[in-house]
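K.L.:
Before we start, here is the structure in question, set down as structure tokens.
The values are calculated or read from the model by the stated rules, or taken from the named source; none is laboratory data. Quick caveat: nothing in here was measured; it's all calculated off a predicted structure. All Cβ positions, even for glycine, are placed from backbone atoms using ideal geometry, and neighbour counts span all protein chains on display.
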């Protein structure tokens, strides 16, 4: 495995055989270095990456984020990423603002294609019934971003502490504060 650092982005070329382990959400894999037989990648976020994802996603904490993924060439210039992402995070309860732990276990199935998707790629998508592609970034598979986005999309949008209910809405409104009530009054006066 050859690695090079591009700013804060971790870019790696694959070596043949075996599996690779990473811990940074800035991870990008050189697509051209993925062997024809594919590559297994394990991702375990380190403490710095956990702090980063919590800040990026606006959650109270990220306790653990792991990915167990297989990358393989797909079609003409594309790559399939399949596997699973598991995360243990804490968000703030929408009622009490206390931290609420959440366990996420999501299947991942993504197709990455060169940014210029031409008619051949679209035909390939129709043939394989794939709705859309993720773009390669300058020839790299943005694997860290894909893991981060998977966690983000799986988050509960309204986390609540166990046993906590939302404050009750007004049981019955008399309608007197409604703009329609004012119209109704005008109609009755005429």
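K.L.:
Could you grab me the full set of residues in the stretch 27-44 that are touching a helix residue (DSSP H, G or I) at 6+ places or on another chain (Cβ under 7 Å) and over 21 Å from residue 77 (Cβ atoms)? Show your work before the answer.
P.N.:
Filtering the stretch 27-44 down to residues touching a helix residue (DSSP H, G or I) at 6+ places or on another chain (Cβ under 7 Å) leaves 27-29, 41, 43.
Across the stretch 27-44, the qualifying residue is only 43.
K.L.:
Next question. For the stretch 68-81, what are the residues that are under 30 Å from residue 101 (Cα atoms) and either within 15 Å of the chain's Cα centre (by Cα) or surrounded by 19 or more Cβ atoms within 10 Å (Cβ to Cβ) (or both)?
P.N.:
Applying the first criterion (under 30 Å from residue 101 (Cα atoms)) to the stretch 68-81 yields 68-70, 81.
Hits for the stretch 68-81 are 68, 69, 81.
K.L.:
Mind listing just one residue for me: the one in the stretch 33-62 that is exposed (fewer than 14 other Cβ atoms within 10 Å of the Cβ) and in a loop (DSSP other than H, G, I, E, B) and, of those, nearest to the chain's Cα centre (by Cα)?
P.N.:
58
K.L.:
Here's something else I'd like to know. Here is a list: 86, 65. Which entry is assigned to a strand (DSSP E or B), buried (at least 19 other Cβ atoms within 10 Å of the Cβ) and either without any contact (Cβ under 8 Å) to a residue 12 or more places away in the chain or in contact with a strand residue (DSSP E or B) (Cβ under 8 Å, 6 or more places away or on another chain) (or both)? Break it down stepwise before answering.
P.N.:
Working: 86 fails: buried (at least 19 other Cβ atoms within 10 Å of the Cβ).
Going through 86, 65 in turn, the sole match is 65.
K.L.:
Follow-up. Among the residues of the stretch 150-186, which ones are assigned to a loop (DSSP other than H, G, I, E, B), loosely packed, with under 11 Cβ neighbours inside 10 Å and at pLDDT 75 or above? Even if it seems obvious, please write down each step before you answer.
P.N.:
Quick first cut of the stretch 150-186, residues assigned to a loop (DSSP other than H, G, I, E, B) only: 155-178.
Remaining after also requiring loosely packed, with under 11 Cβ neighbours inside 10 Å: 157-158, 162-163, 165-177.
Within the stretch 150-186, 157, 158, 162, 163, 165 qualify.
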